[in-house]
Amino acid sequence: MHRLQQLYRRLEARGLTDEQRRLIEFELALVERSGDPQQAHRLGPAPQVRSLYSYADPDLFGQGLPSPVLSMVAAQSLDHLLERDLQREKDGFPRKIRIGKLVKPGRDGDDKVVVIPTTVEEKLIHDRLREDEEGEGGEGQEAGEGGVGEGEEGEVIGEQPVREEQGGGSGSGQGQGGAHELESTVYDLGRVLTEQFALPNLRDKGKKRSLTRFAYDLTDKNRGFGQILDKKATLKRVLQTNIALGRVQAGTRIDAGSLMVSPKDRVYRILSREKDYESQAVVFFVRDYSGSMAGKPTELVVNQHVLIYAWLSYQYQNQVETRFILHDTEAREVDTFQAYYQMQVAGGTQVASAYRLVNRIVTEEELARDYSIYIFHGTDGDDWDTYGEESLPELEKMLVYASRIGITVAENGIEGARRSEVEKYLTKSGLLESKKELLRLDVMPKDSTEARVIEGIKRLIS
Amino acid sequence: MELISQHAKGIMEGCKDRARQAGLRFADETLEYIVTNRDLLELGPKVMIPTLYDYWVQDVEVLREQGRYELYPNNPYETVINTRPPISYYNDNNPDWLNVMIFYHVIGHIDFFQNNLFFRHTWEYDFTGRALADKRLFAKLRSEKGRWVDYVIEFARTLDNLVGYFDLLAAGEGTKPANPMSLLDYYFDVFLQRGPNPAVSRYSREIERYNQMIRDFPGDGETRFVKSVIEQYAELEALYARKLKEKETVGRTDPLRFLMAYSPFLHREENRWMLMILEVIRSTSLYFQPQIRTKILNEGWASYWHDTLFLGDDRIRGHEVDYAIVNAKVTSMPRVGLNPYALGMRLFQYLEEQADRGRTGLAYFQTTDRAARQRFDRATGQGRDYIFHIRQSHCDTMFVNSFIDQDFIDQHRLFVVGKRLNKERMTWQYYVKSRKAADYRQMVADSLYHPPRVEVSVAENGALVLDHLFEGKPLVRDFIGGVLLGLEFLWGGEVHLLTSVPIPIKAGRGDDDQGREETPKRTIEWKRFRYTMKNRTLSRTLAE
């Protein structure tokens, strides 16, 4: 907190616009209320009020029957379902299967993501009338719930931090297994994404290096058994055998019918492992987890990064190296996607801190020599460094080595339809035009759908 | 899936005897199965009906964020299904005392299924048998028509929440072939009330004139009156004739039935097989309709009986504490939230007590003195009979609206919880919003299942028109396209949907400078829109 105040004073000394000051004060106030940002980043998920119809016998009587939701998953193979979906398109109906993730939040950091095909059956049903949306301020008064017990009218009986309402979808669909489970399911998701949405491939830029990846091809020959009979080679061997046996004499006419064929004479082509060559890449995922990211922006960014991560894992057969960086006013690196995925928001915003950390990692580990480097940065576009005085130089450094930098601005809607700082200073710097091949920006409105998120990925990597 | 052991079956039969003695009525035969996780793998997607038809959506997780229970009026997770005989599911390691408790609960459900009038149309057949026949029909059609069967199933299912359930109930009543509306009724009920602002004075003047004629001419007063109005309004008879004709259409609020009766596309020779699918989807949906409309009653009834019967059962001995724990889990009111088991059971207990003291009649309700009301006790002992009557003739909406009163709210200290944003602390605060019975009733009523009401007709150009009755709620907009697409396919031509959409009006932009936390309070205005699906493209225009 003290550090943040100091930073604020320093910035103020340099001069701030009114709008800028308000923005910083807003985030500072958020920090003040939630205490130490380091702690606040770790807040758990919110409790959920159950629907009237979600109460059911087996559940309540502790019969311990598993949820039928689990059983719905993948009773048929994913491929079969997707094939069916493709056929729909040919028949002139829109596709219906989407790729969904179920996230089960866990208190001590064991959130798990399970990838599943999902669909929705459209029907005419009543919608809830949303007069006040979360995050848009206002006296959010909803229809209400039932309650029981003590308390005068008007008395507050419970509280829940606003920030908590974020993160992935709720629900079950939870299997056992450690963090590696995420890997296998994102791999699946990526495969689907690559096929389903025809994502364009990343351009290879790094050095060609042999990775132990194999392709299988009918290149080797084998005697006795195999997949395809090599007729010419077989005939040669038959002749050799018969010459050796003295059944074929030079100068005489050969009677093909009387040749002896030993089983070993048959020569086949057989499937064999071939080494494949691939380029190497390292991908930095950078996420803003400052206070203003609460709710939808975080969800959008995280969702997009899950998808990119999934797709990369597939496209590069888990050979991509990934690094995860979170930043508020300071940046930190976390080890796993899990941690990256579920850290809660708090604190102020300084984009430059994250860029600086990326640059440091790249220089210290000399990544630029051997790897194509990709950087995906998700933010709501707020930056205390209004004119990008610190961010832009760092960004330019990154542009020297990076194969692609994709910046996603997910609008937080706090300030209406105003363009965000990051967007403004990026446009102003002209880098978006001059380095078009290397730098991409995608601005998503707050109410973006999954389809829009995928569209965003296309923009970032096309 | 295997039957429970003979030992457990013995317990079940014992429970049935005691339940019968207490007054519950149900058929002799029941089936109890032990299910393993593996069985549930197949049962879950088929909403616990083992013989339900196959459909690809059962293999896919269904998105549940939006209106899960509005979309699927059937709980996918029932322990008892309403078949003949009723089937219930258990896991195999319950101790005996818990089985006794669950059996009583299950018997409560069975009694409810077999006596509540909203289930009347399910009494005459065994749904598992029918479902099996349907499943075979689909399998056969699939072998002939391939994937198109699944498309038709899909499109039919987009409408399966709008089946004319109440028409079906009304038809079962035996009151259906009621005499067609007489000219006199038409004159008063329709003709006089046409136009946007029918004058009440004119209506009452006519009533008075009618009464006068009846008094003046006891023999033929009515005929004279009718004659006089026909003379007065030349167009009346023509309009009346048209009205009578109009009545003949079926399925005006039941799109699937309407399609089956009138769709030119479905009646083409090569498409007739689709009618069978529509019928299966519709009847399956009708079968599930009463379940979701009686959630509070049904669970309340079952909970009431497991509590009543098990407490009076000698097999509880030594397990009182165990029972208390399980029972508390099932029937306790959450501090925030609405547990249908708890609410239903408390209402039944409350009503039994009220009726025992004779507090259900006019005499009680006309007692306005608070003290006298509290003392009111006729000691009629009619409580049981009264709740049996409610179990037979009510659904959730009626139950909630008729019986949640202030005494009940006070007795159980219920309240409506509000949620508001506290900007100072940046938290959502839950607070006691109201302890008034009317508010609580409204809150419960709002959370009940309520599909939209849609009236179907055909426009002059042959397009199908769905008219969504405005009830202060919009439709889920994302779904409209998908529904109309299917409907266009089944109708074989253009389809329209009329519905109201809330348009937000941004109020005064003047106070913009108050900072980011102040957004102007949003108000909305309702506008009627026409969605048109033509050649698989959706468009929206302002109607009126």
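No value in this document is a laboratory result; all are computed from the given coordinates. All values derive from a computational prediction rather than experimental measurement. Because the Cβ atoms are built from the backbone with ideal geometry, glycine has one as well, and the counts that use them run over all protein chains shown.
³J(HN,Hα) across the stretch B:24-38 via Karplus (A = 6.51, B = -1.76, C = 1.60, θ = phi - 60°), whole Hz, x for Gly/Pro?
Here the 3J(HN,Hα) series is 6, 10, 7, 5, 5, 7, 9, 10, 10, 10, 8, 10, 9, 4, 5 Hz.
For a protection proxy built on the mean count of beta-carbon atoms within 10 angstrom, sort B:253-265, B:386-398, B:182-194 highest first, please.
Going from most to least packed, we get B:253-265, B:386-398, B:182-194.
Rg/Rh for the stretch B:183-246 to two decimals, with Rh computed the Kirkwood way over all alpha-carbon pairs.
A ratio of 0.98.
Across the residues of B:473-480, average count of Cβ atoms on other protein chains within 10 Å?
Going residue by residue through B:473-480 and averaging, the value is 5.
Order B:97-106, B:362-371, A:120-129, B:472-481 from most to least packed using the mean count of other Cβ atoms within 10 Å.
Answer by packing, highest mean first, reads B:97-106, A:120-129, B:472-481, B:362-371.
What percent does the relative contact order of chain B come to when contacts are Cα pairs within less than 8 Å and at least six residues apart?
Here the relative contact order equals 13 percent.
I'd like the mean, over residues of B:295-302, of how many other protein chain beta carbons sit within 10 Å of each residue's own Cβ.
Taking the mean over all residues of the peptide, I get 2.
Using only atoms on other chains, find how many Cβ atoms lie within 10 Å of each Cβ of peptide B:21-30 and report the average.
Averaged over the peptide's residues, the number is 0.
Name the long-range amide H neighbours of A:V120: under 5 Å, sequence gap of 5 or more, or other chain; modelled H, no Pro or chain starts.
Hits under the 5 Å cutoff: B:L63.
Output the peptides B:316-327, A:401-412 sorted from most to least packed, where packing is the average of other Cβ atoms within 10 Å over each peptide's residues.
In decreasing order of mean packing, B:316-327, A:401-412 become A:401-412, B:316-327.
Determine ³J(HN,Hα), in whole Hz, for all residues of the stretch B:124-135 in sequence, where each value follows from phi through the Karplus function 6.51 cos²θ - 1.76 cosθ + 1.60 and θ = phi - 60°; x replaces Gly and Pro.
8, 9, 9, 5, 4, x, 5, 4, 5, 4, 5, 4
If you bin the C-alpha pair distances of the stretch A:211-276 every 10 Å from 0, what whole percents do you get?
All Cα pairs, binned at 10 Å, distribute as 21, 37, 23, 13, 6, 1 percent.
Given the stretch B:280-375 reduced to its alpha-carbon atoms as identical point scatterers, what log10 I(q)/I(0) does the Debye formula return at q = 0.17, 0.18, 0.21 Å⁻¹?
Per q value, in the given order, log10 I(q)/I(0) is -0.91, -0.95, -1.04.
Given H placed on each backbone N at 1.01 Å, which residues far from B:G337 in sequence or on other chains put an amide H within less than 5 Å of it?
A:G146, A:G147
Taking 7 Å along the Cα-to-C-beta vector as the label spot, tell me the A:E364-A:E150 distance in nanometres, rounded to one decimal.
5.5
What are the extents of the Cα atoms of chain B along their three principal axes, listed from largest to smallest and rounded to whole Å?
That gives 82, 74, 72 Å along the principal axes, largest extent first.
To make sure I understand, if each residue's beta carbon is the centre and we count other beta carbons within 10 Å, what order do B:F155, B:F138 fall in, fewest to most?
B:F138, B:F155
Which value, to two decimals, describes the C-alpha radius of gyration of the stretch A:319-462 once divided by 2.2 N^0.38 Å?
In units of the 2.2 N^0.38 Å rule of thumb, it is 1.01.
How much of the DSSP bridge set in chain B is antiparallel, in percent, rounded to the nearest 5?
Percent antiparallel among DSSP bridges in chain B is about 80.
Have a look at B:I49, B:F26, B:V465 and report the one farthest towards the positive end of the charge dipole of chain B, computed about the Cα centre with Cβ charges (Lys/Arg +1, Asp/Glu -1).
B:V465
Would you mind ranking B:I230, B:I87 so that the residue whose beta carbon has the fewest other beta carbons within 10 Å leads the list?
Neighbour counts put them in this order, fewest first: B:I230, B:I87.
Once you put a point 7 Å from the Cα of B:D126 and another 7 Å from the Cα of B:D28, both along the Cβ direction, what distance in nm separates them?
Here the modelled spin labels are 1.5 nm apart.
A:R247 versus B:R384, label points 7 Å from Cα toward the beta carbon: distance in nm?
10.0
Work out from phi, with θ = phi - 60° and the Karplus expression 6.51 cos²θ - 1.76 cosθ + 1.60, the ³J(HN,Hα) of each residue of the stretch B:193-200, listed in order in whole Hz, and give x for Gly and Pro.
For the stretch B:193-200, the Karplus-derived couplings read 9, 6, x, x, 10, x, 7, 5 Hz, x marking Gly and Pro.
Could you list which residues have their amide H under 5 Å from that of A:I407, counting only those 5 or more apart in sequence or on another chain, with H placed in the peptide plane?
Under 5 Å from the amide H of A:I407 lie the amide H atoms of A:H377, A:R440, A:L441, A:D442, each far enough along the sequence or on another chain.
How do B:K243, B:K433 rank when sorted from fewest to most other Cβ atoms within 10 Å of their own Cβ?
Fewest-to-most Cβ neighbours within 10 Å comes out as B:K243, B:K433.
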